[in-house]
1. Is there a residue being under 16 Å from the mean Cα position of the chain (by Cα), modelled with pLDDT under 95 and not in a loop (DSSP other than H, G, I, E, B) anywhere in the range 77-84?
2. Checking the condition hydrophobic (A, V, I, L, M, F, W, C), more than 23 Å from E171 (Cβ to Cβ) and in the same structural domain as T174 (by TED's automatic domain parsing), which residue from A80, A124 passes?
3. Only residues in the range 68-80 that are more than 9 Å from G56 (Cβ to Cβ) count as the first member; pair them with residues that are in a strand (DSSP E or B) and at pLDDT 95 or above, Cβ under 6 angstrom, at least 6 apart or cross-chain, and list the lot.
4. One residue is enough: does the range 21-42 have a residue meeting the conditions modelled with pLDDT under 95, out of contact with any strand residue (DSSP E or B) (no Cβ under 9 Å at 6 or more places or on another chain) and more than 29 Å from A128 (Cα to Cα)?
5. Taking L115 and the conditions (1) at pLDDT below 95; (2) closer than 18 Å to L192 by Cα, which numbered condition does it fall short on, given that it satisfies the others?
6. Being within 24 Å of the chain's Cα centre (by Cα), loosely packed, with under 13 Cβ neighbours inside 10 Å and among the charged types (D, E, K, R) is the filter here, so list the residues in the range 90-130 that pass it.
7. Would you mention how many residues in the range 112-140 are within 22 Å of Y185 (Cβ to Cβ), in contact (Cβ under 8 Å) with a residue 12 or more places away in the chain and not aliphatic (A, V, I, L, M)?
Amino acid sequence: MTAVAPPLVAITGLHKDYQGLRPLRMRALQLHAGDVVALAGLDERAAEMLVGLLTGAALPDEGEVRLFDQATSSITETEAWLALLDRIGLVTTRAVLIEPFTVRQNLALPFTIALDPVPAEWIARVDALAREAGIPEAQWDRPVGHADAETQARVRVARALALDPAVLLVEHPTATMPRDRVADYGADLGRLARARRLALLAITADDVFARALEGTRLTHQPVTGECQPAGFWSKILGR
């Protein structure tokens, strides 16, 4: 009998008071390799706190967050925490792009601080990331500050993939994106995650983006902490 691999992400009985409207509660959530999950129902502050909990930057007041079958509360050494972070890719507007640098230079930052020019040894890796994230080649040598919102979002995806993570956390990525580009961006991100067998959790209020991922859509209920399938209450109430 084949053993079932433990989830890459597992939340159980989470309660965290972060001075929001109410504490962040989450009864249960699991992600395995290859899972693509869109989670609605968390505003900007709650999403930021959940990402902090999922990266071990914050610890729950109650309950447990496990990453790679290890409780975040058990990670006490800085080196162990940094090693864990290398296995998590984070796509968020809070991840600063250096606007005067080109797209290539921004994508090279996880590998080197020698950026003018990007060392030849890293060019192939950087270009492969740009292609994978769907960044048009015409943009690669332009300052990222001159790029449109979609290109900047794709640069954040590419940079999050640089160290070959097992988990990808995506935090409200389409808030500033033109509406006619959201579906393509979501579809590309979903395909990318499945091709890499990533566990992808996208925290989003954008239903177009959530559907385009073609994964599981959940809605967080802030009072109970339940993560219900999208449309659950409409089905129950017959609406």
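The values are calculated or read from the model by the stated rules, or taken from the named source; none is laboratory data. Fair warning: this is a prediction, and the values are worked out from it, not measured in the lab. Backbone-built Cβ (ideal geometry, glycine too); neighbour counts: all protein chains shown.
1. Checked against the condition, which is being under 16 Å from the mean Cα position of the chain (by Cα), modelled with pLDDT under 95 and not in a loop (DSSP other than H, G, I, E, B), the range 77-84 yields at least one hit.
2. Answer to the check: A80.
3. A71/E64
4. yes
5. Exception for L115: condition (2).
6. Listed by number, the residues that qualify are R94, E99.
7. Of the residues in that region, 6 qualify.
Results for (1) hydrophobic (A, V, I, L, M, F, W, C); (2) part of a helix (DSSP H, G or I); (3) in contact with a helix residue (DSSP H, G or I) (Cβ under 9 Å, 6 or more places away or on another chain), shown as yes or no for each residue.
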site: A162; (1), (2), (3): yes, no, yes
site: L168; (1), (2), (3): yes, no, yes
site: P173; (1), (2), (3): no, no, yes
site: M177; (1), (2), (3): yes, no, yes
site: R181; (1), (2), (3): no, yes, yes
site: Y185; (1), (2), (3): no, yes, yes
site: V208; (1), (2), (3): yes, yes, yes
site: E214; (1), (2), (3): no, no, yes
site: T224; (1), (2), (3): no, no, no
